[in-house]
2 protein chains.
Amino acid sequence: MKILITGGGGLVGQKLARRLAERGTLRGAAIDEIVLADIVEPAPVDAPFPVSTRVGNIAEPAEVAGMIDDDTTVIYHLAAILSGHAEVEFDHGIAVNLMGTLHLLQRAREIGTAPVFVYASSIATLGGEVPDPIEDWTATNPQTSYGTQKAAGELLLNDFSRKGFVQGRGVRLPTISVRPGKPNRAASSFMSSIIREPLNGQEAICPVGLDFQHYYLSPRMCVENLVRVAEVEQEALGMNVNMTMPGLTHTIGDLIDALRDVAGPEPAQRIRFESQPEIEKIVMGWRYAFNPAKALALGLAADNSFRDNVRYYLEDDKPSP
Amino acid sequence: MKILITGGGGLVGQKLARRLAERGTLRGAAIDEIVLADIVEPAPVDAPFPVSTRVGNIAEPAEVAGMIDDDTTVIYHLAAILSGHAEVEFDHGIAVNLMGTLHLLQRAREIGTAPVFVYASSIATLGGEVPDPIEDWTATNPQTSYGTQKAAGELLLNDFSRKGFVQGRGVRLPTISVRPGKPNRAASSFMSSIIREPLNGQEAICPVGLDFQHYYLSPRMCVENLVRVAEVEQEALGMNVNMTMPGLTHTIGDLIDALRDVAGPEPAQRIRFESQPEIEKIVMGWRYAFNPAKALALGLAADNSFRDNVRYYLEDDKPSP
């Protein structure tokens, strides 16, 4: 079995590759090769089978052609121009998020073997004029270009699956926390940094109040769900292959309680509350009440509590002092 | 004011052009010109202002460029590869329905004046795993490639509107009945022909039973709604510019009762019931329970009863004997 991971250099792509290397099998078959594709050279991943890397732009059909060959059995499509970026570079977002997804689907169709196609969508597809909680059958009414392009990709994935061109399954990822590494320019960056930085002896700023609610999943459980959803039989997916990946809704207070429970009282004292109206304006529009019924029925899962998220960061990602 | 109608040679495009010619104004301004664009030369339309025609393929950006110029104020995008056709010619459907819509949106953005962009979507975007009745905030889970491509177009329309590139409004058309002309190869063809043919002294076949329910709108009211929705102020459209156009749910029995009420007992005797399993299989999957709340609130309307549909056919479309 040969697996392609687009966005193979990213946080989730790298963790997924390492997890697949550890497992050695997927869908009951031995993994023979993983191809990590990304717009810049992905970091190497150790595995008991070859892991190759490929630098390419999914917005270009010719470059996509080289990522998928007749032996490609499973495609994980994680590559994307993210929310803030797609908002500023509108055409770039269309080219990569919408057209890139279409090119990958067309190439997967072209090989004629209906490969499994796991599509990383996002809860950014959800929002706007819909009631709470958001069900799997609630409209995608995204309020960003990123969410729009991802939602259009979901529709294409479902149709390519209905036609038998691919065995598609789309999962809307919750906000991943605790992300390792440095703060980034995403509006959601603080949702990891208020846990991560204090655990590393640094101060962090929280721009929203203790009551602010959001929908979270740990990187470890996200990867586990990506493995599980690839293993689902196509018939079990029904007439809509897209679903919200399970997460948990927490307040900022819940996050800090979990930090205290796992790491004692000291790190939490490094969190400073400082209003940032621009961040607040964006994140207050986000939704946090979801009912991921289809994914739960298919065996995907959320973390047990945010204590898991903190623990997994310490176990998997915290840099050695 | 200059108006473009894509699909300007089709049933709705022609009726819309004639109605606009009759009105002479739209959005409070005098109409200076209508451009009817289609893949084959549209029939001419008499008007007190110039009506030009343009043959072109919206799948080609260069041809789209010539349809919209700096003076284009309102775009009615009605052109599409229809359901049965897009199911057979998959790539052709993607090229015209998805990419054609994107090209028109990009060209409308390019002129920089945020023109009004009325997008004819379809109740074919709705279906699959969603509960009844279908609300404006219910997921589009289409079960055809046509519906998929139309639903993806809705998402793009909403995002181009949110960004201020166009003043978009998308309306999901119910099944239009009574359509003039000849039966076509659409699975819904009988929903017009069982009324039209008997009124013209011909026999018609009904492939479903008296209890079969569906969602209908007359051509005349469809055109009226297309005029009204162009006149709505952008702010009134909220965070989702797409909506179901009002229609009425009727059984076949209701249709035949209306035919008797309007035209006496004789025409209805020309309807023969004859099971057609292939047609039945398709149309039984269609949805008929919709709550078009947003459109109703914006002043769009359904017919009063199917008697209207029958009467409008007699008044507007029945060929002289």
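Taken together, the values in this text are just the output of simple stated rules run on the coordinates, not laboratory data. Here the structure is a predicted model, which means the values were calculated and not measured. Here the Cβ positions follow ideal geometry from the backbone for every residue, glycine too, while neighbour counts run over all protein chains shown.
What the table shows:
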quantity	calculated
HN-Hα J in Hz across region A:254-266 - Karplus 6.51, -1.76, 1.60, θ = phi - 60°, x for Gly and Pro	4, 4, 6, 4, 5, 4, 5, 4, 7, 10, x, x, 5
Shielding by partners, peptide A:155-168 (average Cβ within 10 angstrom, other chains)	4
Separation of the A:PHE273 and A:ALA293 label points, Cα + 7 Å toward Cβ, nm	3.7 nm
Alpha-carbon centroids, region B:91-148 and region A:42-106: separation in whole Å	25 Å
Rg to Rh, two decimals, where region B:101-237 supplies the alpha carbon set and Rh follows Kirkwood	1.03
Spatially proximal aspartates and glutamates relative to B:LYS182 (Cα-Cα < 18 Å; intrachain offsets below 8 disregarded)	B:GLU197, B:GLU203, B:GLU315, B:ASP316, B:ASP317
Charge context of A:GLU197, other residues only, Cβ under 10 angstrom, K/R +1, D/E -1	+2
Fewest-first ranking of A:LYS150, A:LYS294, using other Cβ atoms within 10 Å as the exposure measure	A:LYS294, A:LYS150
Copy-to-copy label separations for A:ASP132, where each label sits 7 Å from Cα toward Cβ, in nm and ascending	3.1
Estimated 222 nm signal from helices in the protein assembly as shown, with DSSP H stretches of n ≥ 4 weighted -39500 (n - 2.57), rounded to 500	-10000 deg cm²/dmol
Percentage relative contact order, region B:165-217, counting C-alpha pairs under 8 Å, at least six apart	37 percent
Kirkwood estimate for region B:142-188, i.e. one over the average of 1/r between Cα atoms, Å	13.0 Å
Rounded FRET efficiency, nearest 0.05, which uses the C-beta distance separating B:GLU266 from A:ILE111 and R0 of 60 Å	0.50
At R0 = 60 Å, FRET efficiency that the Cβ-Cβ distance of B:ASN184 and A:ALA301 yields, to 0.05	0.75
Rounded if a/c under 1.5, otherwise prolate or oblate - region B:1-76, Cα gyration tensor axes	oblate
Ranking of B:HIS92, B:HIS250, A:HIS85 by count of other Cβ atoms within 10 Å, fewest first	B:HIS92, A:HIS85, B:HIS250
Share, in percent, of DSSP beta bridges within chain B that are antiparallel, nearest 5	15 percent
Estimated FRET transfer efficiency when R0 is 30 angstrom, pair A:VAL40-A:LYS281 (beta carbons, to 0.05)	0.40
Whole-number percent relative contact order across region A:98-151, with pairs defined as alpha carbons under 8 Å at least 6 apart	33 percent
Ratio Rg/Rh, restricted to the protein assembly as shown and using Cα atoms, in which Rh is the Kirkwood radius	1.02
Per-residue mean of C-beta atoms belonging to partner chains within 10 Å, peptide A:145-152	5
Label distances, nm, A:GLY201 versus same residue in remaining copies, Cβ-directed 7 Å point	9.9
Length-normalised contact order for chain A - Cα pairs under 8 Å, 6+ apart - percent	16 percent
Chain B shape via C-alpha gyration tensor axes, a/c threshold 1.5	prolate
Label-zone membership for region A:156-184, site A:GLN234, 7 angstrom Cα→C-beta point, backbone N under 11 Å	A:160-169
For A:ALA29, inter-copy label distances in nm, listed shortest first [label point 7 Å out on the Cα-Cβ vector]	5.9
Average beta carbon contacts from partner chains per residue of B:87-97, 10 Å cutoff	1
Residues B:ARG185, A:ARG287, B:ARG260, sorted so that the one with the fewest Cβ neighbours within 10 Å comes first	B:ARG185, B:ARG260, A:ARG287
